[in-house]
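The values are calculated or read from the model by the stated rules, or taken from the named source; none is laboratory data. What you see is a predicted model, and the numbers here were worked out from it, not measured in a lab. Backbone-built Cβ (ideal geometry, glycine too); neighbour counts: all protein chains shown.
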Amino acid sequence: MRARHKSWTTPYIDSHRSLVSENLGEEKEFLVKAPLYLEIGIGKGDFILGMSSLQGGYWVGVEREKDVLAIAAKKVVEAEKTNILLRDGDFDSVYEEIKDVRFDAIYLNFSDPWPKRRHWKRRLTTRERLLKMNSLLKDGGKIVFKSDNRDLYQFTLEEAKEAGFPILFFTEEYPGGEDDVMSEYEKNFRSKNKPITRVILGKKGE
């Protein structure tokens with residue numbers, strides 16, 4: 001997600017480095033806690049905040065847009081949450097910092113669909129990136145995907161099948177659930193009666 005640059009965001013992040021890590025590889029004390037979850041692309045933070053209360057456990061949130069991340073960080077601070085750790089950056093760069101960490105689940109909520117065919121390799125759910133995520137899962141772990149974009153949904157299913165993932169659940173019209181939380185995007189799309197897709201992938205064996 002792109003947001004208009006705000007002058008307060010960088011100073012705010014810099015003054016909250018106990019929450020917004022500069023290098024997840026140095027956060028060993030937090031990353032050995034359990035259960036541990038990862039959200040890639042947290043937007044303004046509604047999902048990670050809600051799930052950290054509903055489901056408990058410890059949460060790592062990654063967001064490439066620093067101005068958006070700052071909004072999420074401010075919400076976490078105001079909610080006085082201590083079970084959330086944030087990191088600015090994209091998955092490809094952050095992966096190197098967490099490749100030895102194992103998560104109970106990885107959540108992808110309304111990722112950039114990169115609709116032009118020449119940009120498909122940038123999609124978060126290419127088989128190469130899905131396989132990287134798979135390497136971060138504990139045994140019995142899962143990847144949970146939600147999107148309003150039907151093309152990205154179909155692409156994700158096809159990439160997962162080609163990579164050999166167990167597909168535990170998929171639907172083009174996800175109604176929501178008691179064990180789930182809506183992000184700010186999902187709230188907006190549902191208010192416009194736009195169908196939400198969902199895919200759950202199990203951990204792929206070696």
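With respect to (1) modelled with pLDDT of 95 or more; (2) of a type in the set (Lys, Arg); (3) surrounded by fewer than 17 Cβ atoms within 10 Å (Cβ to Cβ), the lone exception for residue 116 is condition (1).
All conditions in (1) surrounded by 18 or more Cβ atoms within 10 Å (Cβ to Cβ); (2) in a helix (DSSP H, G or I) hold for residue 121, with the sole exception of (1). So which residues in segment 1-23 are over 24 Å from residue 183 (Cα atoms) and in contact with a helix residue (DSSP H, G or I) (Cβ under 8 Å, 6 or more places away or on another chain)? Selection gives 23 alone. Here's a check for you: in segment 181-206, which residue that is touching a residue at least 24 places away in the same chain (Cβ under 8 Å) and assigned to a loop (DSSP other than H, G, I, E, B) is surrounded by the most Cβ atoms within 10 Å (Cβ to Cβ)? Here the residue is 183.
Look through 96, 80 and report the one residue that is surrounded by fewer than 19 Cβ atoms within 10 Å (Cβ to Cβ) and either among the aliphatic types (A, V, I, L, M) or assigned to a loop (DSSP other than H, G, I, E, B) (or both). Within the list 96, 80, the selection yields 80. Counting the residues of segment 139-180 that are assigned to a strand (DSSP E or B), touching a strand residue (DSSP E or B) at 6+ places or on another chain (Cβ under 7 Å) and not hydrophobic (A, V, I, L, M, F, W, C) gives 5. Checked across segment 137-147, the condition of being out of contact with any Pro (no Cβ under 8 Å at 6 or more places or on another chain), closer than 29 Å to residue 97 by Cβ, surrounded by 20 or more Cβ atoms within 10 Å (Cβ to Cβ) and acidic (Asp, Glu) holds for no residue.
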